[in-house]
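Notes follow the structure.
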Amino acid sequence: MTILAIIIIAGPLAGTVAAAGRAPARSAGWAGAAGASVTLAAAIWLLVSMLHHTPVRGLGGFLYLDSLSCFFLFTVAIVTTLAAVGSVGYLSAEEAAGNLTSFQVRLYYIFFGLFAALMLASLETGNLGLLFVLIEASTLASAALVGLEGKASSLEAAWKYVIISSLGVTIALAGTLFLFYSASALHLAPDLRLTWPYLFAHAHALAPASLRLAFLLAVVGYGTKVGLAPMHTWLPDAHAEAPSPASAMLSAALLNTGMYAIIRFLAIAKAGLGPDFPRMVLLVFGFLSVIIGVLFMVRRGNFKRLFAYSSVEHMGIIAVALGFGGVLGLYGALLHTLNHAIAKAVLFLSSGDVAVRYRTRDALQVRGVLAVVPLTGGALLLGSFAVLGSPPFGLFLSELTIVRAGFAAASPALPLLLLLLLAVAFIAFARTTTAMATGEPGPLPATATAGSGRAGPYPGRAARLTAIAPAAVGLAALLVLGLWIPAGLSTAITHSIGVL
């Protein structure tokens, strides 16, 4: 098990090592994609193995793996693999068009691997202090991806991302320290006071006032990484400016890592305080995030910002599901985490082809994608309906489960409000993406010459297929999850609920 844990972290670093060793950019990209595929295979093996084994502990609690951490490892590994494969074609096009230099492409692969490895490592630790360190380190690694293009807007977005995220994680550190303080009366070694399985087992003996404050600070702090309103302001800028595969990692992997940290604090808080206080906190932040996300989706503009506000909405939905609680609420939250991660990876990867071909990220200037590039247009349109919870895609099933949990656990007002907000989001989001896909196509910009700084179509069929194929694979996975949840995956989610 420990070897699998090491392989999972080391896989994405293959691209980092290759790029740092000055391998050709495309070779470094394929090395990263191969390493990410190994990581995914190891994550699947570990997820299945954990169904029949007790949690893995090691290194004084710094290594800890249970069903919940393995489920999130599996989710992040899927996104990493899709984004790593999609990066090869996308960056080839950007380099050929002169938008990125070979040095920038090499820099991308170095920090992409570091970013993925740090996120995966944060899911493998049982120590809440190390969790803080790893998530903060992932902020610094991903900031280089946000500002990769070197434009004024990119650098501003990267700076804003670092400042706001670091402030948020610092608040989470304060929550971690209060949790440590709440365990001061326990007869535990100092290192065990930050090891979450021990804190969970002794939650009934934690000081209630300190535990309450610790949970609130953790939700605010890690909620900044998740994109929960009102701490979400970095997210639209960072997603809009980062290269599209990096945006997929930010939206579909980084946000889930922050949510994983909140879930760990939630388990301890519910065991020590009862369900009422954690439930209230999560419902307030969750519904606020859904409302903010939906309101900003009504505006038309940069389509990557639209996808970013959709992420704010969906992270709010997951927080609401955790607030509803119960088996249905937790099952719906975890299933929605997986579905949303895949759907958002599909959207950002397909939008990369759109941005390269149309030389713009303004939705009002993109029309007729289905007619001009049918594969990309189809992925964009189907991905849009998938992320909006349309049947037969997986998000319909997870959102339906969450609404059922709301009716089972609370007054009808809250699930009905959620349904109303989902309907508004559907109209606002679909209005923009369907116009992009099905509108009257105009002439594509002329193919750029190298060094012109203007993008054109992908340089070669192979590069284009490399960029769009991961989106097609993701769509197929969403279709399967909407029609049939494999027994092993359902069991893994059930075991994760048991952990909590």
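The values are calculated or read from the model by the stated rules, or taken from the named source; none is laboratory data. For clarity, every value in this text was computed on a predicted model and none was experimentally measured. FYI the Cβ positions are ideal-geometry reconstructions off the backbone, even for glycines, and counts take in every protein chain you see.
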Take region 16-33 and flag every residue that is among the small types (Gly, Ala, Ser) and either in contact with a strand residue (DSSP E or B) (Cβ under 8 Å, 6 or more places away or on another chain) or surrounded by fewer than 17 Cβ atoms within 10 Å (Cβ to Cβ) (or both). Ala20, Gly21, Ser27
Here is a check on your reading of the model: is Val88 of a type outside the set (Gly, Ala, Ser), within 21 Å of the chain's Cα centre (by Cα), assigned to a helix (DSSP H, G or I) and modelled with pLDDT under 95? yes
Of a type in the set (Ser, Thr, Tyr), in a loop (DSSP other than H, G, I, E, B) and either out of contact with any Pro (no Cβ under 7 Å at 6 or more places or on another chain) or within 19 Å of Leu254 (Cα to Cα) (or both) - does that describe any residue in region 111-132? yes
Name the residue, out of Thr139, Thr224, Thr170, Thr176, that is touching a His at 6+ places or on another chain (Cβ under 9 Å), within 22 Å of Met315 (Cβ to Cβ) and in a helix (DSSP H, G or I). Thr224
Determine whether region 349-371 contains at least one residue that is among the hydrophobic types (A, V, I, L, M, F, W, C), modelled with pLDDT of 90 or more, under 23 Å from Thr224 (Cα atoms) and within 19 Å of the chain's Cα centre (by Cα). no
Determine, yes or no, whether Ala36 is more than 26 Å from Gly498 (Cβ to Cβ) and surrounded by 23 or more Cβ atoms within 10 Å (Cβ to Cβ). yes
Within region 91-104, is there a residue that is closer than 26 Å to Thr195 by Cβ and either among the basic types (Lys, Arg) or in contact (Cβ under 8 Å) with a residue 12 or more places away in the chain (or both)? no
Residue list for region 57-83, filter: of a type in the set (Phe, Trp, Tyr) and in a strand (DSSP E or B): Tyr64
Keeping to region 13-56, report how many residues are closer than 30 Å to Ala201 by Cα and not in a helix (DSSP H, G or I). 6
Residues in region 330-342: is at least one outside any helix (DSSP H, G or I), in contact with a helix residue (DSSP H, G or I) (Cβ under 6 Å, 6 or more places away or on another chain) and not hydroxyl-bearing (Ser, Thr, Tyr)? no
Check whether at least one residue in region 399-406 is surrounded by fewer than 24 Cβ atoms within 10 Å (Cβ to Cβ), more than 16 Å from Ala248 (Cα to Cα) and more than 24 Å from the chain's Cα centre (by Cα), and report yes or no. yes
I'd like to know if region 150-166 contains one or more residues that are crowded, with 18+ Cβ neighbours inside 10 Å, at pLDDT below 90 and either outside any loop (DSSP other than H, G, I, E, B) or polar (S, T, N, Q) (or both). no
Of (1) at pLDDT 90 or above; (2) over 30 Å from Lys304 (Cα atoms); (3) not hydrophobic (A, V, I, L, M, F, W, C), Gly227 fails just (2)
Would you be able to tell me the number of residues in region 401-422 that are modelled with pLDDT of 95 or more and either part of a loop (DSSP other than H, G, I, E, B) or under 21 Å from Ala308 (Cβ atoms) (or both)? 3
Can you tell me which residue among Ala269, Ala253 is over 17 Å from Ala341 (Cβ atoms), surrounded by 24 or more Cβ atoms within 10 Å (Cβ to Cβ) and either over 13 Å from the mean Cα position of the chain (by Cα) or of a type outside the set (D, E, K, R) (or both)? Ala269
Counting only residues that are of a type in the set (Val, Ile, Thr) and crowded, with 20+ Cβ neighbours inside 10 Å, region 279-291 contains a total of 2
Only one of Leu380, Leu370, Leu349 is under 23 Å from Met259 (Cα atoms) and in a helix (DSSP H, G or I); which? Leu349
Test: residue in region 122-136 that is crowded, with 18+ Cβ neighbours inside 10 Å, farther than 30 Å from His204 by Cβ and not acidic (Asp, Glu): no
